[in-house]
Amino acid sequence: QAFNYLQGKMDSAENMEKNYELLKWAAEKLCAKRDDNENEVKRHRLKKTSNTYNLWISKVMGIVEDMKKLEAIYKKEGKRSKWRVPWRSKFSKQIAEKYEEVLK
């Protein structure tokens, strides 16, 4: 059991870079969609945006802020040491969870 637990932590730590790149790609795609929608809203400025749109744009802005924080941590700490397995494993999990949120 302990071996499986440690193996899972090692695997998660090793996937950190891959998870980060997936999150970065998904966030870029989400931001592009946001920009397209914002341009559409600007073209039809006389129309009021829907509550659904307002809720969506608020969620997107929150994700963008979270992504900036994760990116800052990744750039500062992420490549420091391959031997910081517990930290890398935990951070990789955070990145994967944010990726899942972006995909929703």
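The values are calculated or read from the model by the stated rules, or taken from the named source; none is laboratory data. None of these values were measured; they are calculated from a predicted model. Glycine also receives a Cβ, built like all others from the backbone with ideal geometry; neighbour counts cover every protein chain displayed.
Assorted remarks:
- Residue in region 23-49 that is farthest from the chain's Cα centre (by Cα), counting only those that are modelled with pLDDT of 90 or more and either of a type in the set (A, V, I, L, M) or outside any helix (DSSP H, G or I) (or both): 32
- The set of residues in region 82-93 that are part of a helix (DSSP H, G or I) and surrounded by fewer than 18 Cβ atoms within 10 Å (Cβ to Cβ) comprises 85, 86, 87, 90, 93.
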